[in-house]
Amino acid sequence: MNLYPTEILPCSKFKRISCDLSPYYLIRYTSEKENLVNADTGKLKVETICSPREHIEDLSTSLLGSYTYKHIQIELTTLGKESYAKYCSPDFEVDPVPIFETHFTLDSERGFWKVLIGKIENQIADFSMGNNFELFRAQCKILHTPMRWNYWHFSVRWFLIEKGMYLYEIHDERERKRFKKKLANEARALIAQYARVEKCNYPILPTDKYLL
């Protein structure tokens, strides 16, 4: 795979994916393959979902299908991140295509976890804030957020029901950090409850759901 897999790049024939994705899987790479599961609970370790935990605010994943297990090996270089780790429209034309060892390398030591979208989308994570332990609820949302390196990129984000906004939309940096810190454990535990590390067969999104 020294040539970049063009099947995962955005292009002029693609549109934003907005259909029901509950039967499909998201996948996220891990820095290692072993010891991802808690031996006592049989569940994925919460730190495997994301570490540092603050990343839970906007968790990067990919839709399994055209994006396959082999693609989790792709690691953008510093130059690659500068050029390709940017959100874009689904029909963005990538030119030039990322070049091996200039824009990306392959890390065969990466592991992964995957999760059925229908298990986590719209689920609620409850958490408390402040000295008076004021209760808040955050709802899990799955959004198609194409990037220049990966059309199949999806974001797992959290909508704060009481505030009427996404966590990442809180402008005050100190307040946003406080919310991230309090939400992180509950949100990671919710995903870890359903995430799995074994390969399995997965459905492929029909072409009419993403082609213009």
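Listing for the model above:
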| read-out | value |
| --- | --- |
| For the chain: relative contact order, % (alpha-carbon pairs under 8 angstrom, 6 or more apart) | 33 percent |
| Accessible area per residue, Å², the stretch 23-198 with all protein chains present, probe 1.4 Å | 50 Å² |
| Radius of gyration, Dmax [the chain; alpha carbons; angstrom] | 17.6, 56 |
| Most to least packed among 128-141, 104-117 [average Cβ atoms within 10 Å] | 104-117, 128-141 |
| If the convex hull is drawn through the Cα atoms of the stretch 119-208, its volume per residue in Å³ | 145 Å³ |
| Student exercise, the chain dipole from Lys, Arg, Asp, Glu Cβ charges, in Debye to nearest 20 | 360 debye |
| Fraction of accessible area attributable to carbon and sulfur, the chain (%, probe 1.4 Å) | 47 percent |
| Shape parameters for the stretch 61-162, alpha-carbon atoms, Rg then Dmax in Å | 17.4, 54 |
| For the stretch 1-19 versus the stretch 32-48, the gap between their alpha-carbon centres in whole angstrom | 31 Å |
| Radius, Kirkwood style, for the stretch 16-56 when every pair of distinct Cα atoms is counted (Å) | 12.5 Å |
| Residue (of Trp149, Gly118, Met165) at the positive-pole extreme of the stretch 104-180, dipole from beta-carbon charges | Trp149 |
| The chain: angle of helix 173-194 to the longest principal axis, Cα-based, in degrees nearest 10 | 80 degrees |
| Mean Cβ neighbour count within 10 Å, used as a protection proxy, ranking 5-18, 45-58, 163-176 highest first | 45-58, 5-18, 163-176 |
| Accessible-area value, Asp208, 1.4 Å probe, nucleic acids and ligands omitted, Å² | 90 Å² |
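The values are calculated or read from the model by the stated rules, or taken from the named source; none is laboratory data. Here the structure is a predicted model, which is why all the values come from computation and not from measurement. Heads up, the Cβs are rebuilt from the backbone with ideal geometry, glycines too, and the neighbour counts pull from every protein chain shown. The protein model used for the area step is the full one, side chains on, heavy atoms only, and it has no ligands, DNA or RNA in it. Shrake-Rupley method; radii C 1.70, N 1.55, O 1.52, S 1.80 Å.
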